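Colleague: Below you will find the structure I want to go over with you.
Every number in this text was worked out from the coordinates using simple rules, so none of it is lab data. None of these values were measured; they are calculated from a predicted model. Please note: Cβ atoms are built from the backbone with ideal geometry, for glycine as well, and neighbour counts cover all protein chains shown.
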Amino acid sequence: MITKALASVLALSLLTAGCSGYRPAPAAFHQAIDKPYVLDAGDSVRVTVFEQEGLTNTYAVDQSGYISFPLVGAVAARGKTVQQIERDLAVKLRNGYLRDPDISVQIERYRPIFVMGEVGAAGQYSYVPGLTVQKAVALAGGFSPRANQADVDITRSINGKVMTGRVVTSDPLLPGDTVYVRERLF
């Protein structure tokens, strides 16, 4: 009788231990989708300064979070929206360089996403707006025969904090996300 009870407790503890790795997506995961996009290292922006062809160009956000802009030097970009970059550049150019600069900033290239785990070709892939987990897996060669196709783990940086959570394959991705497709148990 004691061994039967002990076996039941052991089986229950093994079952719950297998579930302890489950991490539902934090609320911040879905809130980040609805917020304006903020720049980070790996992004490139197209800056257009009207009637100033020498300043109009594509600029990459470097690892320290800055773009190097002619005349004014390093401009902080990490954590800022394109509208904030437009204002910052206008202020800096107005300070002794141009009387009334008219500036437009657009995202030229987003930082890549990464797909790992049980997929055909794990690796780094270009992000495009509207990319979902399912589309990212398709870019990575589809699910492997052993893949858990119901949900995946996503690691995402939100407000400078790295978070991991489990989402369904129809969830949207953000630039810089890492998708991990787990192996199914059965």
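Colleague: Under unit Cβ charges (Lys, Arg +1; Asp, Glu -1), what dipole magnitude, rounded to 20 debye, does region 44-109 have relative to its Cα centre?
Modeller: In total the dipole reaches around 220 debye.
Colleague: While we're here: Quick check: Cα centre of region 129-186 to Cα centre of region 24-97, how many Å?
Modeller: Cα centroid of region 129-186 versus Cα centroid of region 24-97: 27 Å apart.
Colleague: I would also like to ask the following. For the chain, what does -39500 (n - 2.57) per DSSP helix run (n ≥ 4), summed and divided by total residues, give at 222 nm, in deg cm²/dmol to the nearest 500?
Modeller: Here the helix-only value at 222 nm equals -7500 deg cm²/dmol.
Colleague: Follow-up question, since we're still on this one. Just add up the charged neighbours of R94: K/R +1, D/E -1, any other residue whose Cβ is under 14 Å from the Cβ of R94.
Modeller: Combined, the nearby Lys, Arg, Asp and Glu give -1.
Colleague: So, one more: Non-local amide H neighbours of V38 (under 5 Å, H modeled in plane, Pro and chain starts lacking H): which ones?
Modeller: none
Colleague: Turning to a different aspect of this structure: Based on the mean of other Cβ atoms within 10 Å per residue, sort peptides 140-149, 49-58 so the most packed one is first.
Modeller: Output ranking for 140-149, 49-58: 140-149, 49-58.
Colleague: Also, quick follow-up: What are the residues whose amide H is under 5 Å from the amide H of G176, where those residues sit 5 or more places off or on another chain and H is modelled from the backbone?
Modeller: Hits under the 5 Å cutoff: I113.
Colleague: Next up: Along the charge dipole of region 44-109, pointing to its positive end and built from +1/-1 on Cβ of Lys, Arg, Asp and Glu, which listed residue (T58, Q84, G96) has its Cα farthest out?
Modeller: So the residue we want is Q84.
Colleague: Work out the charge dipole of the chain with +1 on the Cβ of Lys and Arg and -1 on the Cβ of Asp and Glu about the Cα centre, then indicate which of A147, V137, V49 is farthest towards its positive end.
Modeller: Result: A147, furthest along the dipole toward the positive end.
Colleague: Please compute the modelled spin-label separation between R94 and Q106, points set 7 Å along Cα→Cβ, answer in nm with one decimal.
Modeller: 2.5 nm
Colleague: Now for a separate question. Run a plain Debye calculation on region 82-126 (Cα atoms as equal point scatterers, no solvent) and give log10 I(q)/I(0) at q = 0.17, 0.26, 0.31 Å⁻¹, rounded to two decimals, same order as the q list.
Modeller: Taken in order of the listed q values, log10 I(q)/I(0) reads -0.60, -0.89, -1.04.
Colleague: If you average the sequence gap of Cα pairs under 8 Å that are 6 or more apart and divide by the length of region 44-109, what percent do you get for the contact order?
Modeller: So the answer I get is 38 percent.
Colleague: Just to be sure I understand: of the beta bridges DSSP finds with both ends in the chain, what percent are antiparallel, rounded to 5?
Modeller: 85 percent
Colleague: Sticking with this one: Using 0.36 nm per residue of separation minus the Cα-Cα distance, give me the extension gain between D34 and K135 in nm, one decimal.
Modeller: On the way: separation 101, 0.36 × 101 = 36.36 nm, distance 1.96 nm.
So the chain would gain 34.4 nm between D34 and K135.
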